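The block underneath contains the structure these notes are about, expressed in structure tokens.
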Amino acid sequence: MTPSKIESEIDKSLVPVHIGIIMDGNGRWAKKRRLPRTSGHYKGAEVFKKITRYCKKIGISVLTVFAFSTENWQRPKEEVNSIMNLLRTYLVDAFGFKDENIKIRFIGNREALDEDIVKKMEELESVSKDFDGMTLNIAVNYSGRTDVLQAARRLAESVKEGALEAENIDEKEFSKYLYTYPCPDPDLIIRPSGECRLSNFMLWQSAYTEFVFMDILWPDFTERDLDKAIEEYINRDRRFGKI
Ligand code: FPP
């Protein structure tokens, strides 16, 4: 593939440091082809791998993908199982990422996940902890509100134990308790599939994030679509409340 403008011409200091992606539209992609929804997730997982590698190639420091939300448990058991199995496959495959110098972290509540999945997650995090090519956060059983809640709970514990004074809790301190710490807040969140909402993804972290909503289903998403979203981001005027 010939290198795109983002790969070859754009000043690397202009690309977002942290990108979040809501990988949406797998089910509709499959339905359009009269295939089971699970085949949309399989294709989605392939696209996920391709886009992760591309993000690293163009110099993105942190990529956070929404793979499974706390609300997704309400889907039919068969579909939940297929996403969990994809995750298993991915976790095994991911050891191939070792050569790619990508630090992998899982964000979300692990308590409801199968033991073998949690074990593999921990292994992967431990093996890749010193890799510095890019950080990949995979949100599994994640909810932005739960993220804020668990942070509040742990902060309360710290205050109770006397490790922290309540009046010293500011935004910076609070952020340290979020699942995403020590990653910076996302600069850009991309949601394909035509839906224009955040669906409980990184609520605290996205206070000043730029959103790009795209009319394309995740399994059809290509490197060029990512380029388009980044170009749109670069053309935005980020003022952070100033003039
Ligand atoms: C949203 O599409 C997608 C999901 C709920 C699952 C996303 C999972 C993957 C891309 C594969 C697994 C990921 C990893 C990291 C291995 P949808 O099903 O809500 O689509 P719809 O809105 O068209 O129904």
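A short reminder: the numbers here are calculations on the coordinates, not readings from a lab. Just so it is clear, the model here is predicted, and its values are computed rather than measured. When we count neighbours, we look across all protein chains shown, and the Cβ atoms used for this are built from the backbone with ideal geometry, even at glycine.
Which ³J(HN,Hα) values, rounded to whole Hz and listed in residue order, are derived for the stretch 127-135 from phi using the Karplus coefficients 6.51, -1.76 and 1.60 in 6.51 cos²θ - 1.76 cosθ + 1.60 with θ = phi - 60°, glycine and proline given as x?
Karplus values, whole Hz, x for Gly and Pro: 4, 9, 4, 9, 6, 10, x, 6, 9.
Multiply the residue gap between residue 115 and residue 93 by 0.36 nm, knock off their C-alpha separation, and tell me the result in nm, one decimal place.
Full-extension gain reported as 6.1 nm.
Given 0.36 nm per residue, what is the gain on full extension from residue 242 to residue 181 after removing their alpha carbon distance, in nm? Present the calculation step by step, with values, prior to reporting the outcome.
On the way: separation 61, 0.36 × 61 = 21.96 nm, distance 2.57 nm.
This chain segment gains 19.4 nm when fully extended.
Taking amide H positions as placed 1.01 Å from N in the peptide plane, with prolines and chain starts having none, which residues 5 or more places from residue 137, or on another chain, fall under 5 Å of its amide H?
Sorted by chain and number, the residues that satisfy this are 63, 64, 65, 105.
Take the alpha-carbon centre of the stretch 1-46, take the same for the stretch 116-170, and report the distance between them in whole Å.
That distance is 26 Å.
Please turn the phi angles of the stretch 166-176 into ³J(HN,Hα) values with the Karplus equation 6.51 cos²θ - 1.76 cosθ + 1.60 (θ = phi - 60°), one per residue in order, whole Hz, x for glycine and proline.
Karplus values, whole Hz, x for Gly and Pro: 3, 6, 8, 7, 10, 4, 5, 5, 4, 4, 5.
Per the helix-only calculation at 222 nm, which mean residue ellipticity applies to the chain, given -39500 (n - 2.57) for every DSSP H run of n ≥ 4 and division by its residues, nearest 500 deg cm²/dmol? It would help to have the intermediate numbers written out before the result.
Working: 8 runs with 98 residues, N = 243.
The per-residue figure over the chain is -12500 deg cm²/dmol.
Over the alpha carbons of the stretch 145-219, what is the largest minus smallest coordinate on each principal axis, giving the biggest first in Å?
50, 19, 17
Using the Cα centre of the chain as the reference point, and only Cβ charges (+1 on K/R, -1 on D/E), how large is the resulting charge dipole? Debye, rounded to the nearest 20.
820 debye
Along the Cα-to-Cβ line of residue 5, 7 Å from the Cα, sits a label point; which residues in the stretch 211-225 have backbone N less than 17 Å from it?
223-225
If the cut-off is a Cα-Cα distance under 22 Å, which lysines reach residue 176, setting aside same-chain residues fewer than 8 apart in sequence?
The reachable lysines, counting only those whose Cα sits under 22 Å from residue 176, are 103, 129, 160.
Arrange the peptides 230-240, 179-189, 121-131, 14-24 so that the one whose residues have, on average, the most other Cβ atoms within 10 Å appears first.
So the peptides 230-240, 179-189, 121-131, 14-24, ranked by packing, come out 14-24, 179-189, 121-131, 230-240.
In nm, to one decimal, how far is the residue 74 label point from the residue 170 one, both placed 7 Å along Cα→Cβ?
Inter-label distance under the simple model: 3.9 nm.
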